[in-house]
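> There's a structure below that I have some questions on.
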Amino acid sequence: MATDPVNLQIYLACGALLFVMGVHALVVRRHLLLKILAINIMGSGIFMVLLGVAAGGEGGVDPVPHALVITGIVVALSATAVALVLMLRVKAATGLARLPRSGPED
Amino acid sequence: MPSTAFMADVILAPWLVIVPLVGALLAGLWPATARWWGLLTALATLVLALLLALQVHGQGPVVLALGGWSPPLGIALVADGLASLMVLMTAGVGLAISLYALGYLGGTARGRWFWMLWLWLWAAMNALYLSGDVFNLYVTLELVVLASVALVALAGGAAPLAAAMRYLLVSLLGSMAYLMGVVLLYGAYGTLDLQGLGAQVTLSAAPMMAAVLMTVGLLVKSALFPLHVWLPPAHGSAPAPVSAALSALVVKVSFYLILRLWLMVFPELTLPGLDLLMGGLAAAAVLWGGVMALRVSRLKQVVAYSTVAQVGYLFLLFPLLWAAPGGWQAVVFFAVAHGVAKAAVFLAAGTLQQAAGHDRLAELGAVMRGRLKTSFALGIAGASLVGLPLTGGFIAKWLLVQSALEAHLWGWAVVVLGGGLLAGAYVFRLLGPAFEPGPGDRGRPLPAIMEWVPLSLALLTIALGFAGTPALALLARTLVGGGG
């Protein structure tokens, strides 16, 4: 019961769009919370493509991508938790939840 | 299943992950005795890594399906020549870093966290080297990132925290790009297994996009010029054992992954111009890293920019990969030689910094003259970075130049030699203050081990000068894909 190919294309396109939006926001936004959210949106885009891949296979829904998505969510959750704690520490140390302009530090 | 033929003898690969992981748990549960758990784990892991290298050298690649589940569903550990050499390098440098950390951190509160995170990082790196499928590689890559970021943040203070944050964001961007590549590969071929993918990948759109995403994602993580800006602050501001672990070991992780992918999964994708592009970036990295290392004013920053330059050499891999059959082995030997030398330099720099209380290069002369063992270590390891004879760096560059010349790639050979001149300049700049006239000063009292460990590592770079043949023999037992 392969899904209707048009639906499948929508999943893949939306996933790719989310991924690109995430990359854009990660580069453009300066507030760390927005950057962390951007990474999560990139992750959601990837998971959506993966779900599209799972539904598009021959002979029914493929379970392996589902296992990958679940593992991926766990990894993304841990990374987000670390990032949020680090953001709070940066805020506590500098008073700003953003990174200083990059350049050759001394 | 070809895997059953290799299942003879002792099973070592899982223990290389389990032992550091258990060590990390014990260090976390009993923080007061964390350093002794750390030391015990480091010793045990080195023994296991040596045994694994001997086993692979003796009977070829070892493939192990965990829990008896074969690759399409289960997780396979693959120990071949390349993987076991990287595990061995990690274990050797790791033991040195652990011994050094005993003296550097002592029993401080910061030290307790260090041991748990460091052993966790070690377990993650070993798991990555031994993974046989692209998704496991993603998970272990993330473990490596989270542990290294936490280690950078250990230093506390505004600058290290900002460096850790930038490092985390950049690394996550790289991981996400890599994961998207994994998804595309799975979508196209329905398997995650490296060998399975390698047998199927042909020159077409999906694997090409996957290759670009994965390679760019990993390049960000390995800090190839112009994606290197996060590296000097992160490596320069971390505590010395952490700087050494990051520069010597963690940078090699993403390099290894790129090499593994192009050896096993993408060998059929000979994209025109890719070798020129990557070689160009590599040359730019060698040049830029070298010039910046000559300009910055602090010891650890010089060493960190030297890593930017040396990462450039690693990516001469691409011009060599298709043109010279043994070229990638020369690059791997270079990675190992750099790992040992860079760890020695960072640890020596840490000793000098602790003794003097700062690391402003211009004012370090007295301490360098007072602590001759450490300055000597800095000199020998620096000679290996330059590639002077009798060191591992010399053999590595010799092999690089040889394979470049055999393939008639004169230009890349010139890059290797020119980079050596630049490295010579910044290593002499590092050592310069020691040769100024004036009295010596030992600075603050430090545990003796903080002088002996950099010196031993520096002597190990000389031993590596004689290890070319066994290392290449081990690398010959590497699984390569393609041709399917």
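The values are calculated or read from the model by the stated rules, or taken from the named source; none is laboratory data. In this text, all values refer to a predicted model and were calculated from it rather than measured experimentally. FYI the Cβ positions are ideal-geometry reconstructions off the backbone, even for glycines, and counts take in every protein chain you see. Note: areas computed on protein heavy atoms with side chains; ligands, DNA, RNA excluded. Shrake-Rupley method; radii C 1.70, N 1.55, O 1.52, S 1.80 Å.
> Counting only residues 5 or more places away or on other chains, whose amide H sits under 5 Å from the amide H of B:Gly465 once H atoms are built in the peptide plane?
B:Gly392
> Report, in degrees rounded to the nearest 10, the 0 to 90 angle that the Cα long axis of helix B:274-295 makes with the longest principal axis of chain B.
Tilt of helix B:274-295: around 10 degrees.
> Need one value: the accessible area of B:Arg298 in square angstrom, 1.4 angstrom probe, rounded to the nearest 10.
Surface accessible to solvent at B:Arg298 totals approximately 70 Å².
> Another question, then. What FRET efficiency comes out for the pair B:Asp441/B:Ala109, r = Cβ-Cβ distance, R0 = 22 Å, nearest 0.05? Please report the intermediate quantities before stating the final value.
Details: r = 30 Å, r/R0 = 1.35.
The calculated FRET efficiency here is 0.15.
> Continuing with this model, one more query. Using a Förster radius of 22 Å, what is the FRET efficiency between B:Leu390 and B:Ile449 based on their Cβ-Cβ separation? Nearest 0.05, please.
0.30
> Need one value: the accessible area of B:Leu146 in square angstrom, 1.4 angstrom probe, rounded to the nearest 10.
Rounded to the nearest 10, the figure is 10 Å².
> Run the helix sum for chain A: -39,500 (n - 2.57) per DSSP H stretch of 4+ residues, divided by residue count, reported at 222 nm to the nearest 500 deg cm²/dmol.
-27500 deg cm²/dmol
> Computed FRET efficiency, Cβ-Cβ of A:Ala67 and B:Phe466, R0 56 Å: what is it to the nearest 0.05?
0.75
> Starting from the residue with the highest accessible area, list A:Met21, B:Met368 in decreasing order, probe 1.4 Å.
On the way: A:Met21 105, B:Met368 0 Å².
Order by accessible area, largest first: A:Met21, B:Met368.
> Also, I was wondering about something else. By how many nm would the segment from B:Trp36 to B:His408 grow when fully extended, if each residue of separation counts as 0.36 nm and the alpha-carbon distance is taken off?
128.7 nm
> Continuing with the same structure: Through the Karplus equation 6.51 cos²θ - 1.76 cosθ + 1.60, θ set to phi - 60°, convert the phi angles of the stretch B:53-68 into ³J(HN,Hα) values in whole Hz; use x for Gly and Pro.
4, 5, 4, 5, 4, x, 10, x, x, 10, 10, 9, 8, 5, x, x
> With a cut-off of 8 Å between alpha carbons and a minimum separation of six or more residues, what is the relative contact order of the stretch A:5-94 in percent?
29 percent
> How far is the Cα center of the stretch B:369-407 from the Cα center of the stretch B:190-219, in Å?
Here the two parts' Cα centres lie 35 Å apart.
> Sort B:Trp113, B:Trp15, B:Trp122 by accessible area with a 1.4 Å probe, largest first.
Accessible-area ranking of B:Trp113, B:Trp15, B:Trp122, largest first: B:Trp113, B:Trp15, B:Trp122.
> Relative contact order, percent, of the stretch B:272-484 when contacts are C-alpha pairs under 8 Å separated by at least 6 residues?
Result for the stretch B:272-484 is 27 percent.
> Here is a follow-up. Under unit Cβ charges (Lys, Arg +1; Asp, Glu -1), what dipole magnitude, rounded to 20 debye, does the stretch B:272-484 have relative to its Cα centre?
The dipole of the stretch B:272-484 has a size of about 440 debye.
> Would you list B:Trp288, B:Trp328, B:Trp120 from the most to the least accessible area, probe 1.4 Å?
B:Trp288, B:Trp120, B:Trp328
> Hey, any idea what Rg/Rh is for the protein assembly as shown, computing Rh the Kirkwood way over Cα pairs? Don't skip to the end; give the middle numbers.
Numbers: Rg = 23.0 Å, Rh = 24.1 Å.
Dividing the radius of gyration by the Kirkwood radius yields 0.96.
> Continuing with this model, one more query. Students often get this wrong: which residues of the stretch B:223-238 have the backbone nitrogen under 15 Å from the point 7 angstrom along Cα-to-C-beta of A:Arg101?
Answer for the stretch B:223-238: none.
> So if I take the centroid of the Cα atoms in the stretch B:10-32 and the same for the stretch B:280-313, what is the distance between those two points in Å?
35 Å
> Cα axis of helix B:109-130 to longest principal axis of chain B: angle in degrees, 0 to 90, nearest 10?
It is inclined by approximately 30 degrees.
> Turning to a different aspect of this structure: Starting from the 7 Å offset along Cα-to-Cβ, what nm value, one decimal, do you get for the label separation of B:Phe428 and B:Leu276?
The modelled label-to-label distance comes out at 3.6 nm.
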